[in-house]
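Before any comments, here is the structure.
The values are calculated or read from the model by the stated rules, or taken from the named source; none is laboratory data. Keep in mind that what you see is a predicted model, and the values were worked out from it rather than measured. Positions of Cβ are generated from backbone atoms using ideal geometry, with glycine treated the same way; all protein chains shown enter the neighbour counts. Surface accessibility is based on the protein's heavy atoms, side chains included, excluding ligands, DNA and RNA. Shrake-Rupley method; radii C 1.70, N 1.55, O 1.52, S 1.80 Å.
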Amino acid sequence: MLIAEELLLLALDDTTGRRLVGTDRLDPALGGALVAELALAERIGVTSDEEGWSRRGRVTVTDPRPTDDAELDRALAAVVAAEGRRVKDLLSGMSSRRITKGLRERLAERLARAGALERVEEKVLGLFPWTTWPARDRGPEDEVRRRLHGALVAGTTPAERTVVLVALLRVAGLLPKVLPDQDRRLVQRRAKELSEGDWVAKAVKQALDEVAAATTAAAAGGAG
C-alpha cells in the first residue's frame, strides 16, 4: 500500500466507516503522504533550509518518469507543473495547485477494490447522500498498527516510510486514536522524537495554519 492508503485506513472508524478527523486536517496529510512517497522513490526533492528563506522548502523534480502507480503519477505530474513552488502550496486547500482534490475518495475506492474497505451509501436525515467506508478486511490495517506499535511503544527502529506515517498522524491529530490503549504521553513523546524535523509534516502544518488563518480572518470580517 501507499503511505497515503495506510494513513486513510487509520483515519477511518473500522465499524462506522466515518472519518476520525475533519477533512481540513486529513486531506493535506494524505497529499503530504504522496509527496513523501515521491521523495522516497527519488522522483522529487525539496530545497533545504540552507538555501535561504526565499528558496527553501521548494519542490524540485529529479526524475519525471512514471512510477507505475496511478495516484503517484497524478501527483508527480502536478509537481512537475508546479516545480519551484513551496510544498505547502501542493497541500493547502486554498491553493489552485493542490494535489488533494478528490484524493481521499480515489484512495478509498482503491482500498475497496483491494478488499480492505467496503463502500456503504447512506442518507443523512433520509435526504442527503453520504458515503462511508467501514473495514471489510482488517488485516492490512492491523499490520500497519503493528509497525506503529513497534516504533512508538516497543522501541524498534522503524523504516523511513513508518517515520513519515508517524509524522503525518501526529500533525493530523490522529496519533491518540491509532494506539488508544497505550500511554498517550509516551506515544506522543516517541512520535515527536521520530518525526522531529520531518519536512513533509512541517509542510502539512503550514498548509493547515494557512487555511486556519484565512478562516479566522473571514470570520472576523463577517462579524465586523
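Some values worked out for this structure:
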{"read-out": "Hits in the stretch 153-178 (condition: farther than 29 Å from Arg58 by Cα and buried (at least 19 other Cβ atoms within 10 Å of the Cβ))", "value": "Val178"}
{"read-out": "Cβ-Cβ under 7 Å pairs, at least 6 apart or on other chains, the stretch 169-192 side within 17 Å of Val204 (Cβ to Cβ), far side among the small types (Gly, Ala, Ser) and at pLDDT 95 or above", "value": "Leu174/Ala11"}
{"read-out": "Ala191 small (Gly, Ala, Ser), modelled with pLDDT of 95 or more and open to solvent by less than 10 Å² (accessible area, probe 1.4 Å)", "value": "no"}
{"read-out": "Given (1) without any contact (Cβ under 8 Å) to a residue 60 or more places away in the chain; (2) open to solvent by 50 Å² or more (accessible area, probe 1.4 Å), number of the condition Ala75 does not satisfy", "value": "(2)"}
{"read-out": "Residue within the stretch 135-150 that is crowded, with 16+ Cβ neighbours inside 10 Å, of a type outside the set (Lys, Arg), touching a residue at least 12 places away in the same chain (Cβ under 8 Å) and more than 22 Å from Arg18 (Cβ to Cβ) present", "value": "yes"}
{"read-out": "One residue from Glu83, Glu51, Glu105, Glu109 being open to solvent by 10 Å² or more (accessible area, probe 1.4 Å), over 17 Å from Leu168 (Cβ atoms) and touching a Gly at 6+ places or on another chain (Cβ under 9 Å)", "value": "Glu51"}
{"read-out": "The stretch 58-72: number of residues that are within 20 Å of the chain's Cα centre (by Cα) and surrounded by 12 or more Cβ atoms within 10 Å (Cβ to Cβ)", "value": "6"}
{"read-out": "Where Gly17 falls short, out of the listed (1) in a loop (DSSP other than H, G, I, E, B); (2) farther than 26 Å from Trp133 by Cβ; (3) of a type in the set (Gly, Ala, Ser)", "value": "(2)"}
{"read-out": "First in the stretch 33-62 and of a type in the set (Gly, Ala, Ser), second anywhere and surrounded by fewer than 19 Cβ atoms within 10 Å (Cβ to Cβ) and in a strand (DSSP E or B), Cβ under 6 Å, 6 or more apart", "value": "Gly45/Thr60"}
{"read-out": "The one condition in (1) more than 20 Å from Thr162 (Cα to Cα); (2) open to solvent by 40 Å² or more (accessible area, probe 1.4 Å); (3) more than 13 Å from the chain's Cα centre (by Cα); (4) modelled with pLDDT under 95 that Thr23 fails to fulfil", "value": "(3)"}
{"read-out": "Residues located in the stretch 120-133, provided they are surrounded by 10 or more Cβ atoms within 10 Å (Cβ to Cβ) and under 18 Å from Thr23 (Cα atoms)", "value": "Trp130, Thr131, Thr132, Trp133"}
{"read-out": "Number of the condition not met by Leu8 [criteria: (1) touching a residue at least 24 places away in the same chain (Cβ under 8 Å); (2) surrounded by fewer than 16 Cβ atoms within 10 Å (Cβ to Cβ)]", "value": "(2)"}
